[in-house]
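I have placed the structure first, in the form of structure tokens, so that the comments after it can refer back to it.
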Amino acid sequence: MSVKLQPEGIRCVVTGGAGVIGRELLRILADSGAAVMSLDINPLPDNFNPAGITHIVKDLSSDALNEIDGFQPEVFFHLAAAFERSKESPEFWGVNYKDNTLLSHRMAEAAGRIKSLRAFVFASSYLIYSTALYLSDSLWPEPVYLREDAPVNPRNITGASKYYTEKELEFIKEYLRPELRTISARIYRVYGKGSKDVISRWIRAAINGQTLDVYNRDNRFDYIYARDVAEGLYRLAATQTAAGVVNLGSGQSRSVSDVIAALSSFIDVEITDRGRTEDYENSTADIALLRNLTQWQPPTTLTDGIRHIIEYERQTRRPSL
């Protein structure tokens, strides 16, 4: 990696370090020589121990944050979040308030008071953009590329919480910490090793010889590999001109059928096509700003990402009893 956070040994906080993106980011930061405090409600895997990482298990929505204040970080990566499906259940509303809105509010408050902090990178979401831009009752022939200045109308309560946090960070920069560089990376459809995303679930099911239920196979998404998300967040933190809202996706439009085809190139897959059950989605990141700022774009193709996850799942698979 050509770009690096400076100076050597820079102090970084990562919330959500035990998550699929968080673990990848911890590896990148460890390789860069940073001193890292990772925080998550979950522990890190037993075999995960990159150098220079201190991991603390706590509920960031309610527990004291003394360790963060005492660490005096210079760079803050806020990844911790809760997600459900796009159409969220009523039971998720309370979870969203606690683990998205309230938790992120507390991290924003920390950004406002920790004077050592130079950059705050927030893992936001494309769910903030207006669905009128990319949902339709008819199949569109061309990809819809969403730019950072596209209209906003959050798709669900997760998107609303992400947007609220973006606005809080804008307030902190404008009124409390004008010297603080804040970055809201609007992330698209993440898939990765050990994740709960649909691609990873399908891979595990296929390895186990299970039939895959496929819905809305003509839907098109911007699938981005978790390692690429982590590297993008790192590069945005290291790029002094990066600030504000930045799309973080692959910049490629791929259908559900494309995912099945890529998976089928490695594993024999049986599917049950459940047909169309909702409006067509056709969402893709316009990543021109990301490229201009970082001189980089996510390199992992959908086929390569699926291959990496298959290798990971086969290596970590436990024999059936």
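Values quoted throughout were computed directly from the atomic coordinates according to the rules given, and no laboratory measurement underlies them. Computed from a prediction, not measured in an experiment: that's the story for all the values here. Here Cβ is always computed from backbone atoms with ideal geometry, including for glycine, and neighbour counts include all displayed protein chains.
Structure data summary
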{"quantity": "Strands (runs of 3 or more DSSP E) within region 158-252 that include 1 or more residues of a type in the set (Ser, Thr, Tyr)", "calculated": "181-187, 189-191, 223-225"}
{"quantity": "Residues located in region 34-43, provided they are assigned to a loop (DSSP other than H, G, I, E, B) and either surrounded by 15 or more Cβ atoms within 10 Å (Cβ to Cβ) or of a type in the set (Lys, Arg) (or both)", "calculated": "Ala34, Ile41"}
{"quantity": "Filter result (touching a residue at least 40 places away in the same chain (Cβ under 8 Å), in a helix (DSSP H, G or I) and out of contact with any Lys or Arg (no Cβ under 7 Å at 6 or more places or on another chain)) within region 292-303", "calculated": "Leu293, Thr303"}
{"quantity": "So Ala238, is it of a type outside the set (Val, Ile, Thr), in contact with a helix residue (DSSP H, G or I) (Cβ under 6 Å, 6 or more places away or on another chain) and farther than 27 Å from Ala132 by Cα", "calculated": "no"}
{"quantity": "Residue within region 36-43 that is over 15 Å from Arg235 (Cα atoms), touching a residue at least 24 places away in the same chain (Cβ under 8 Å) and in contact with a Cys (Cβ under 8 Å, 6 or more places away or on another chain) present", "calculated": "yes"}
{"quantity": "Matching residues in region 44-74 - criterion: being farther than 22 Å from Lys193 by Cα, within 23 Å of the chain's Cα centre (by Cα) and of a type in the set (Phe, Trp, Tyr)", "calculated": "none"}
{"quantity": "Enumeration of residues in region 272-291 that are in contact with a Lys or Arg (Cβ under 9 Å, 6 or more places away or on another chain) and surrounded by 15 or more Cβ atoms within 10 Å (Cβ to Cβ)", "calculated": "Tyr280, Glu281, Asn282, Ser283, Thr284, Ala285, Asp286, Leu289, Leu290"}
{"quantity": "The lone exception for Gly275 - which of (1) farther than 27 Å from Trp296 by Cβ; (2) among the small types (Gly, Ala, Ser); (3) touching an Asp or Glu at 6+ places or on another chain (Cβ under 9 Å); (4) assigned to a loop (DSSP other than H, G, I, E, B) it fails", "calculated": "(3)"}
{"quantity": "Any hit, region 203-216, residues being within 19 Å of Glu24 (Cα to Cα), hydrophobic (A, V, I, L, M, F, W, C) and surrounded by 17 or more Cβ atoms within 10 Å (Cβ to Cβ)", "calculated": "no"}
{"quantity": "Options Glu88, Glu84; residue that is within 17 Å of the chain's Cα centre (by Cα), in a loop (DSSP other than H, G, I, E, B) and closer than 30 Å to Leu135 by Cβ", "calculated": "Glu84"}
{"quantity": "Residue in region 63-79 that is among the hydrophobic types (A, V, I, L, M, F, W, C), closer than 21 Å to Val190 by Cβ, touching a residue at least 12 places away in the same chain (Cβ under 8 Å) and out of contact with any strand residue (DSSP E or B) (no Cβ under 6 Å at 6 or more places or on another chain) present", "calculated": "no"}
{"quantity": "Members of region 118-147 that are within 25 Å of Ala108 (Cβ to Cβ) and among the small types (Gly, Ala, Ser)", "calculated": "Ala119, Ala123, Ser124, Ser125, Ser130"}
{"quantity": "Subset of region 16-69 (residues that are over 22 Å from Ala108 (Cα atoms) and of a type in the set (S, T, N, Q))", "calculated": "Ser32, Asn47, Asn49"}
{"quantity": "Some residue of region 44-55 being surrounded by fewer than 18 Cβ atoms within 10 Å (Cβ to Cβ), in contact (Cβ under 8 Å) with a residue 24 or more places away in the chain and over 24 Å from Asp99 (Cβ atoms)", "calculated": "yes"}
{"quantity": "Residue count for region 9-33, restricted to those that are buried (at least 24 other Cβ atoms within 10 Å of the Cβ) and under 14 Å from Gly52 (Cα atoms)", "calculated": "8"}
